[in-house]
Amino acid sequence: MVFDPFCGCATTLEAAHRLGRRWVGIDIAIHAVKRVAKVRLQDRLRLVAGKDFEVDGVPRTLEGARDLWKRDPYPFQKWAVETVDGFVTTRRPADGGIDGRLYFAMPNVDDLQSMAMEVKGGKNVGIATRRALRGVLENGAALRVGLIILEPLGVTKERNFHRFMAEAGDTQSTFARPYPRMQLRTVEDILNGKGFDVPGMVARGTGQGVLLSL
């Protein structure tokens, strides 16, 4: 058995597999496990997830996400941000309630623009959250803002949220259509592959996984 507790891009795991060894690899973030599973294990080694190797520690269901939130809110927030291809905020005091950012390109603008994201796992998501996100737009800290919530808001609160977000308007560009400045996604949305609506998003190319075992 080969054990690599900081497996990174998983060169050790590939070598272990080619030598006929069993292996376990661990890393700190989620994108590496996706990258390793896709590029290193599936494309290079032709291994099949669920048959030749198992992935553990990454929520793949709503119940798994709830369990992660109950165990530790910060890894839950980190998981949510990385699941939509965002970059986790590390300077938390300076960024206030911003848990991560998505970066995207705009026509005729040299610098990348960003969507600031906040992640809420509890049920206390109300007007204070909406106003804080609106404040991020108004002070110019981001061109767009996005909110990821674990629990449904309920019919009335969701309707009020969407009305409030619509009042923030859209950002126009030379793209074919405008993009909402404020957007809301549930954990169920992101588990189903529905990310935020931004143009020319700069996706993460690498990451630092969780746990793989063969």
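The values are calculated or read from the model by the stated rules, or taken from the named source; none is laboratory data. All values reported here derive from a predicted model rather than from experimental measurement. Because the Cβ atoms are built from the backbone with ideal geometry, glycine has one as well, and the counts that use them run over all protein chains shown.
Looking at 60, 46, which one is under 17 Å from the mean Cα position of the chain (by Cα), basic (Lys, Arg) and surrounded by fewer than 17 Cβ atoms within 10 Å (Cβ to Cβ)? Working first, answer last.
Details: 46 fails: under 17 Å from the mean Cα position of the chain (by Cα).
60 is the lone residue from the list that is under 17 Å from the mean Cα position of the chain (by Cα), basic (Lys, Arg) and surrounded by fewer than 17 Cβ atoms within 10 Å (Cβ to Cβ).
Checking residue 67 against (1) surrounded by 18 or more Cβ atoms within 10 Å (Cβ to Cβ); (2) outside the structural domain of residue 116 (by TED's automatic domain parsing), which test does it fail?
(1)
Considering only residues of the range 1-23 that are closer than 24 Å to residue 80 by Cα and in contact with a helix residue (DSSP H, G or I) (Cβ under 9 Å, 6 or more places away or on another chain), which is surrounded by the most Cβ atoms within 10 Å (Cβ to Cβ)?
Step one: list which residues in the range 1-23 are closer than 24 Å to residue 80 by Cα, which gives 5-10.
Within this subset, residues satisfying the condition of being in contact with a helix residue (DSSP H, G or I) (Cβ under 9 Å, 6 or more places away or on another chain) are 7-10.
Values: 7: 24, 8: 18, 9: 17, 10: 26.
Checked the range 1-23; the qualifying residue surrounded by the most Cβ atoms within 10 Å (Cβ to Cβ) is 10.
Do we find that residue 46 is over 24 Å from residue 117 (Cα atoms) and at pLDDT below 90 in this structure?
Values: over 24 Å from residue 117 (Cα atoms): yes; at pLDDT below 90: no.
So residue 46 fails the test.
Tell me yes or no: at least one residue of the range 70-84 is more than 11 Å from the chain's Cα centre (by Cα) and modelled with pLDDT of 90 or more.
yes
Collect the residues in the range 8-22 that are within 27 Å of the chain's Cα centre (by Cα) and not in a helix (DSSP H, G or I), keeping them in residue-number order.
Of all residues in the range 8-22, those within 27 Å of the chain's Cα centre (by Cα) come to 8-14.
Within the range 8-22, 8, 9, 10 meet the criteria.
Anything in the range 23-43 that is assigned to a helix (DSSP H, G or I), closer than 20 Å to residue 6 by Cβ and either without any contact (Cβ under 8 Å) to a residue 40 or more places away in the chain or within 19 Å of the chain's Cα centre (by Cα) (or both)? List them, or say none. Before you say what the answer is, go through the steps one by one.
We begin by selecting, within the range 23-43, every residue assigned to a helix (DSSP H, G or I); these are 31-43.
Imposing the further condition that a residue be closer than 20 Å to residue 6 by Cβ reduces the set to 31-41.
31, 32, 33, 34, 35, 36, 37, 38, 39, 40 - these are the residues of the range 23-43 that are assigned to a helix (DSSP H, G or I), closer than 20 Å to residue 6 by Cβ and either without any contact (Cβ under 8 Å) to a residue 40 or more places away in the chain or within 19 Å of the chain's Cα centre (by Cα) (or both).
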